[in-house]
Every structure is written in structure tokens, then in C-alpha cells.
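Undergrad: The structure's right below; bear with me while I get my questions together.
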Ligand code: PAF
């Protein structure tokens with residue numbers, strides 16, 4: 001992969017990169033199509049990265065289907081699928097990790113310790129292997145997007161990070177490979193995430209700027225739905241990801257909710273468009 005990328009670079013070609021864990025949905029395909037507009041060659045990696053899963057998380061049952069994924073990419077113009085085995089990514093003796101200190105601590109960092117260390121480490125490795133000029137991420141994983149941007153800026157890494165808006169199902173559910181885990185009867189509860197973001201935006205547009213008021217109304221709405229268990233509902237600054245008491249500068253509402261056994265996340269930047 002490295003020498004292929006190097007040969008493209010020597011020909012003056014631009015490389016766009018979409019790192020993924022596979023089991024594609026429309027959100028992934030949107031990233032790939034956007035990447036195609038940015039470069040001569042689009043590389044997609046498919047790698048379920050073990051270091052970003054906690055010991056009690058879903059690493060072994062994370063959905064995997066390479067042939068389905070390959071078929072799905074046919075219409076996207078992707079040039080290369082990079083599909084490395086574990087033993088090449090983390091060979092015996094492996095011991096180096098990248099830790100972005102602050103923006104990884106709040107939100108999912110609280111309930112998934114070590115998760116972002118795994119994400120930034122694998123992204124760093126993949127960037128060194130794929131040598132892209134630009135890498136494209138979905139903003140549904142907003143904390144991941146901010147953490148990777150921070151790493152790239154802090155370590156003077158020579159690539160551009162682009163974030164694209166969340167792609168939603170027709171009913172508003174944010175697309176995620178983990179939606180596959182949802183039971184049919186859990187879907188209405190899963191939709192309260194989107195509904196609660198809409199409520200938050202409505203309150204904000206109506207003049208409410210106090211985080212505690214918006215958060216308590218959002219929590220009330222989510223709790224009303226069956227089999228929901230809130231991990232967090234927070235309002236944070238979009239750069240620091242620290243909690244804000246009042247929405248003064250650009251802020252984001254971020255949610256993590258378990259619906260049955262499935263942990264879902266979603267978010268909305270106040271003032272931005274929220275549509276399906
Ligand atoms: O968002 C994902 O699918 C993963 O966290 C990523 C960025 C591919 C790193 O494993």
C-alpha cells in the first residue's frame with residue numbers, strides 16, 4: 001500500500017482516504033463519493049480495530065461482510081480497498097500508542113476509556129500506510145472527528161481532515177453499522193434520539209440558551225421511550241468538547257443512549273440544519 005501510494009504521489013496524483021470498519025451503509029458511501037470529488041485516487045480501508053474496543057464491548061460480534069462491502073462500493077468510484085490482517089497491524093511486540101489528552105476525556109471518553117487512544121493510534125498508522133492528502137470522516141462520531149483533527153494539528157501531520165454531515169434514514173435515525181443490532185420493536189425508541197435533537201434545536205431557536213434546561217427536557221423525552229438507558233446528554237463547545245452552562249459560542253448537543261442492548265450516539269450543532 002505504501003509503495004503504491006508513493007508511486008501515485010510521484011506522478012503528482014492526489015489521494016483521498018476513507019478509513020472504515022466495514023459493514024457499509026449509505027453514510028460510508030456518501031463519504032466515498034465525496035472523497036472521489038477531492039482526489040484522483042480514493043482508498044478505503046476496512047479494518048475492525050481491536051484496540052478501540054473495551055474488554056466488554058462488541059469487537060467479536062461487530063458485523064463483518066467483506067463481499068457485501070466490496071459489492072456496495074462498486075457505484076462509488078473507489079479505487080483501492082485496503083484490508084489488512086490483525087497480525088500486520090499489531091504484530092507481536094507492538095507497544096506504541098497515540099493519546100490525545102483533553103478532547104477525548106468527556107462524552108464517550110468517560111464510558112469508553114481507551115477507545116479514542118485506539119482510534120487515534122489506528123488512524124495514525126493508516127495515514128502512514130496510505131499516505132493520503134485528505135482523509136474523510138463522518139461527523140456522527142463528532143468526538144472522533146475532533147480528536148483526529150487535534151492529533152493531525154498537534155503532530156504536524158501532512159494531511160487535511162474533512163468532516164461530512166451525518167447521513168440519516170428516512171425516519172431520522174442516524175446511519176450506523178450498529179443499527180443492525182436493533183430489534184424491530186426497538187426502532188421507535190431509537191428514533192427518540194433524532195426527535196430529541198429536534199426538540200433541543202427548537203428550544204434553542206425559541207431563545208433558550210441554558211444547557212441545563214435543554215438537557216433536562218431532552219432527557220425527559222428519551223426516558224419516556226421504552227427500553228432506553230441514557231449514558232449521557234451533554235452540551236459542549238465544538239472545539240474543546242467541554243460542557244458549557246450556557247450556549248454563547250458554537251455548541252453541540254451530544255447524546256449516547258442504550259436502546260435495548262445497542263448503544264447509539266447522535267449529535268447536533270446548534271443553529272445548523274437538522275434534516276433527514
Ligand atoms: O469510525 C470508524 O469506523 C473507526 O473508528 C475508524 C475511524 C475507522 C478507526 O478504526
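The values are calculated or read from the model by the stated rules, or taken from the named source; none is laboratory data. Source: prediction; values computed, not measured. Neighbour counts are summed over all protein chains in view; Cβ atoms, including those assigned to glycine, are modelled from backbone coordinates with ideal geometry.
Undergrad: If you go through segment 223-246 one residue at a time, do you hit one that is out of contact with any helix residue (DSSP H, G or I) (no Cβ under 8 Å at 6 or more places or on another chain), in a helix (DSSP H, G or I), modelled with pLDDT of 95 or more and within 28 Å of residue 58 (Cβ to Cβ)? Walk me through how you get there before you give the answer.
TA: Taking segment 223-246 and keeping what is out of contact with any helix residue (DSSP H, G or I) (no Cβ under 8 Å at 6 or more places or on another chain), we get 223, 229, 236-237, 240, 242.
In the following step, the residues that additionally are in a helix (DSSP H, G or I) were identified as 223.
Applying the additional criterion that residues be modelled with pLDDT of 95 or more yields 223.
Narrowing further to those that are within 28 Å of residue 58 (Cβ to Cβ): 223.
Taking every residue of segment 223-246 in turn, at least one turns out to be out of contact with any helix residue (DSSP H, G or I) (no Cβ under 8 Å at 6 or more places or on another chain), in a helix (DSSP H, G or I), modelled with pLDDT of 95 or more and within 28 Å of residue 58 (Cβ to Cβ).
Undergrad: Determine the pairs where a residue that is at positive phi, located within segment 168-182, has a partner that is buried (at least 18 other Cβ atoms within 10 Å of the Cβ) and assigned to a helix (DSSP H, G or I) with Cβ atoms under 8 Å apart, the partner being 6 or more residues away or on another chain.
TA: Sorted first by the residue in segment 168-182, then by its partner, the pairs are 172/194.
Undergrad: Would you be able to tell me the number of residues in segment 149-158 that are free of Cβ contacts under 8 Å to residues at least 40 places away in the same chain and either in contact with a strand residue (DSSP E or B) (Cβ under 8 Å, 6 or more places away or on another chain) or within 13 Å of the ligand (Cβ to nearest atom) (or both)?
TA: 2
Undergrad: Here's a follow-up. Restricting to segment 15-35, name every residue that is touching a strand residue (DSSP E or B) at 6+ places or on another chain (Cβ under 7 Å) and either away from the ligand (no atom under 15 Å from the Cβ) or farther than 19 Å from residue 139 by Cα (or both).
TA: The answer is 15, 34.
One line per residue, one yes/no per condition, for (1) without any contact (Cβ under 8 Å) to a residue 24 or more places away in the chain; (2) in contact with a helix residue (DSSP H, G or I) (Cβ under 7 Å, 6 or more places away or on another chain); (3) within 12 Å of the ligand (Cβ to nearest atom):
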| residue | (1), (2), (3) |
| --- | --- |
| 37 | yes, no, no |
| 49 | no, yes, yes |
| 56 | yes, no, no |
| 66 | no, no, no |
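Each row is one residue, and each column tells you yes or no for (1) buried (at least 18 other Cβ atoms within 10 Å of the Cβ); (2) outside any helix (DSSP H, G or I).
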| position | (1), (2) |
| --- | --- |
| 148 | yes, no |
| 152 | yes, no |
| 156 | no, yes |
| 161 | yes, yes |
| 166 | yes, yes |
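Undergrad: Taking segment 121-141 on its own, how many of its residues are under 16 Å from residue 52 (Cα atoms) and either more than 12 Å from the chain's Cα centre (by Cα) or more than 9 Å from the ligand (Cβ to nearest atom) (or both)? Quick ask: steps written out before the conclusion?
TA: Keep residues of segment 121-141 that are under 16 Å from residue 52 (Cα atoms), which gives 121-126, 141.
Filter once more, keeping what is either more than 12 Å from the chain's Cα centre (by Cα) or more than 9 Å from the ligand (Cβ to nearest atom) (or both): 121-126.
Total satisfying the criteria: 6.
Undergrad: Condition first: part of a loop (DSSP other than H, G, I, E, B), within 14 Å of the ligand (Cβ to nearest atom) and crowded, with 20+ Cβ neighbours inside 10 Å. Now tell me which residues in segment 84-111 satisfy that.
TA: 100, 104
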